[in-house]
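Reviewing the structure listed below.
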């Protein structure tokens, strides 16, 4: 909806409401309205009700969209918690002992690449 159409609808609504108040004042003072005034009052009230119904429907759609986004956020937060738990599990499996010094036999120093793999995993986990 463009700004111009919003302004036009707001002006129409203001004019309709002003007319409603005039008609209600006349009905209160005189106790009755002419047929033309009664028809105008009915048309204005019907327009206000229709506009109100449209806004309620729009608000309902917006509330549904907010609920969907809240569900997505909750799911994302749960996935983050699960990922953090998995990360903690991976860290506990990594060897805590220091890398063996070079000069030892290869099988003792690297345990078939265990420390190289652990260093590579640590490097990945430590990235921002």
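Here, each number is a calculation from the coordinates, and none is a lab measurement. Source: prediction; values computed, not measured. Note: ideal-geometry Cβ built from the backbone for every residue, glycine included; neighbour counts use all protein chains shown.
Taking the inverse of the mean reciprocal distance over all distinct Cα pairs, the Kirkwood hydrodynamic radius of segment 3-83 comes to 16.3 Å. Each of 126, 25, 119 was scored by other Cβ atoms within 10 Å of its Cβ. Arranged with the fewest first, they read 126, 25, 119. At R0 = 35 Å, how high is the FRET efficiency between residue 37 and residue 63 if r is their beta carbon distance? Nearest 0.05 is fine. Computed FRET efficiency for residue 37 and residue 63 comes out at 0.35.
Each of 46, 37 was scored by other Cβ atoms within 10 Å of its Cβ. Listed from fewest to most, they are 46, 37. For residue 28 and residue 48, the difference between the fully extended length at 0.36 nm per residue and the C-alpha to C-alpha distance is 5.2 nm.
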